[in-house]
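Okay, structure first, notes after.
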Amino acid sequence: MKKLILFALLTIGSFSAFNASAQMAAPKGPRPSPADTVKATTKNGVAIEIAYSQPAVKGRTIGKDIAPYGKVWRTGANEATTISFSKDVKVEGKALPAGKYSLYSIPGEKEWVIIINKTAMQSGTEYKEADDALRVTVKTDKSAETVERFKFSIETSGKVSFVWGDKKVSFVVK
């Protein structure tokens, strides 16, 4: 009888553990900030790829409620945004070897600091300044229209831009 009770408890425990692990592994539905990737090859033959998640403004104020001015921001949502270059490049005139990097920024009302960090695959909140490959400061422009979801674009000229809310930020890759 004791063996039967022990067997029943082990069986129930096994099913409970299996069920719990299956629930943890199951997808939780769509992410609030969907992933996107943009790719382009410049006139100079540099393949650029940016993988990022698209946060939404949702009535918040950029620079205050989200992406606070003067603080390092992951330039997207979820994991760190990644940017890769197939060849050695110059970003706003500063040399950068070919490779895959993470992309952060420091938002500002009139200027944004673009940060290219050597550690590509990391959580968006694990930024370490000591791992920066380069930093450049660019002007903040007003976008032609208000954009709810954060969006990158790459032109064949090498101009990389992102728009969000009424903000547009661009930097040049050659």
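Read-outs: derived from the displayed coordinates by stated rules, not from any lab. Source: prediction; values computed, not measured. Because the Cβ atoms are built from the backbone with ideal geometry, glycine has one as well, and the counts that use them run over all protein chains shown.
Which residues, taken from the range 53-73, are out of contact with any Phe, Trp or Tyr (no Cβ under 6 Å at 6 or more places or on another chain) and closer than 16 Å to Q122 by Cβ? Once the filter is applied, which keeps residues that are out of contact with any Phe, Trp or Tyr (no Cβ under 6 Å at 6 or more places or on another chain) and closer than 16 Å to Q122 by Cβ, the range 53-73 yields S53, W73. Among the listed residues S161, S153, S157, which satisfies the condition of being more than 18 Å from I66 (Cβ to Cβ), in contact (Cβ under 8 Å) with a residue 40 or more places away in the chain and assigned to a strand (DSSP E or B)? Selected residue: S153, the only one of S161, S153, S157 that is more than 18 Å from I66 (Cβ to Cβ), in contact (Cβ under 8 Å) with a residue 40 or more places away in the chain and assigned to a strand (DSSP E or B).
Anything in the range 74-114 that is of a type in the set (A, V, I, L, M) and either surrounded by 16 or more Cβ atoms within 10 Å (Cβ to Cβ) or within 20 Å of K64 (Cα to Cα) (or both)? List them, or say none.
From the range 74-114, those of a type in the set (A, V, I, L, M) are 77, 80, 83, 89, 91, 95-96, 98, 103, 106, 113-114; that's our starting set.
Matches in the range 74-114: A77, A80, I83, V89, V91, L96, L103, I106, V113, I114.
Filtered by the rule that a residue be touching a Gly at 6+ places or on another chain (Cβ under 8 Å), among the polar types (S, T, N, Q) and under 17 Å from S161 (Cα atoms), the range 49-101 gives S53, Q54, T81, S84.
Of the residues making up the range 140-171, those that are crowded, with 18+ Cβ neighbours inside 10 Å and over 15 Å from I62 (Cβ atoms) number 6.
A count restricted to the range 116-147 and to residues that are of a type in the set (S, T, Y), part of a loop (DSSP other than H, G, I, E, B) and free of Cβ contacts under 8 Å to residues at least 40 places away in the same chain stands at 1. Got at least one residue in the range 97-106 being assigned to a strand (DSSP E or B) and on the phi > 0 side of the Ramachandran plot? Among the residues of the range 97-106, at least one is assigned to a strand (DSSP E or B) and on the phi > 0 side of the Ramachandran plot, which makes the answer yes.
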